[in-house]
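Written out below as structure tokens is the structure these notes cover.
Read-outs throughout are calculated quantities, based only on the coordinates presented, and are distinct from any laboratory measurement. The structure displayed is predicted, hence computed values, not measured ones. Cβ: placed from backbone, ideal geometry, glycine included. Neighbour counts: every protein chain shown.
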């Protein structure tokens, strides 16, 4: 933004005349003292917001008093260069790709909008990020991105307990290891191990680089192995490229290979081998205000898999799998809010009955609270949840919830429950209790999740 040197003449004329008047775009601006003129001009240009904004003197009249008429103009200037603080802890080529959309901004407001939307794909970008602008050599506009990434590596343990029909206790456990920015590339690594009874075990490994070697796209690889009830082993290996198409969230495009191999016990039950190759699309975004105790914002994760089954008694057939996870928060007051959640899935196998290993598993703390982990399996499922949240501060949250599952085979009673979340400097703890409304209160399930923060 530039203010022409004629402002100097205005300030000088002040000393000789009390009849000075100034207009900008036809509107009179008040003059209180000579030092206020420049600040008012700056304010006008800031309100306009355009990086190429300037004031031009278009008319000057000295009789009967001094009259200066200015007009605002926009040169449609955009950001030419993006700079970063050295203390960010992330390699510069990665940051350059991550914030590259800033070069499309033409105003303060549009630049801030780009940053806010960028956070939906990269939650480690803090809300207090500052953009400092300045002119560089050859009249180039530069922006200094001043922020300290909030990486959140952690180790989590989850335990679930509840009584079975024979009054015996059923115990399920899960261990999650999540690492961020281990190579100063904003990368993420996940390792999940889950145990549910003696005959079920789940292992997941995932690694993601947002911009490997500074390339304009990201990459993600994932491996899953699931031993289910001692009957079969489900294996899925996949890879995908990630892109920012638009400003919000991230898109993933890739492929995968699935196999289901029955054990000797599963073979005796008639479970067949299964093999498929899939094309995968995922759209992910996280606009929640807090990683651990969210109370405002939104979240979405939509996945589509379209594949061809390679091993059946008939010709190769098409299989489609859709999964959707949506969350939206509604603020009721300063400390109270509602969370609405939808968790849905569908599996369709052309002309075939859905393989037992392809069915969607649900139940437990992450899907249907008040029930055992992964106790249900269906080809179509919709779970709606409502949580009433009380968050008096950033370290403590109480909640009450209701979960209801809808599917086309049998009725699953509504589950109700309550719990708390507490965060300290080095850890986060969540305890919840839920029970199906058709059972006694004593038949409910307790879930305890403890997270140790490593960053």
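At full extension, residue 132 and residue 243 could sit 37.3 nm farther apart than now, given 0.36 nm per residue minus the alpha carbon distance. By the count of neighbouring beta-carbon atoms within 10 Å, fewest first, 452, 107, 295 end up ordered 452, 107, 295. Ordered by the count of other Cβ atoms within 10 Å of each Cβ, fewest first, 325, 395, 447 give 395, 325, 447.
Relative to one another, the C-alpha centroids of region 290-362 and region 245-262 are positioned 13 Å apart. Considering all different alpha carbon pairs of region 362-429, the Kirkwood hydrodynamic radius works out to 13.4 Å.
For the pair residue 303 and residue 279 in one chain, pulling the backbone fully straight at 0.36 nm per residue adds 7.6 nm over the alpha carbon distance.
A convex hull fitted to the Cα coordinates of region 154-453 yields 149 cubic angstrom per residue.
As a proxy for reagent exposure, ranking 137, 316, 190 by other Cβ atoms within 10 Å from fewest up yields 137, 316, 190.
The share of C-alpha pairs in region 319-404 whose separation exceeds 16 Å stands at 61 percent.
Does region 174-310 classify as rounded, prolate or oblate by the C-alpha gyration tensor (a ≥ b ≥ c root eigenvalues; a/c under 1.5 gives rounded; else a/b over b/c gives prolate, otherwise oblate)? Prolate shape, in that a/c is at least 1.5 and a/b is the bigger ratio.
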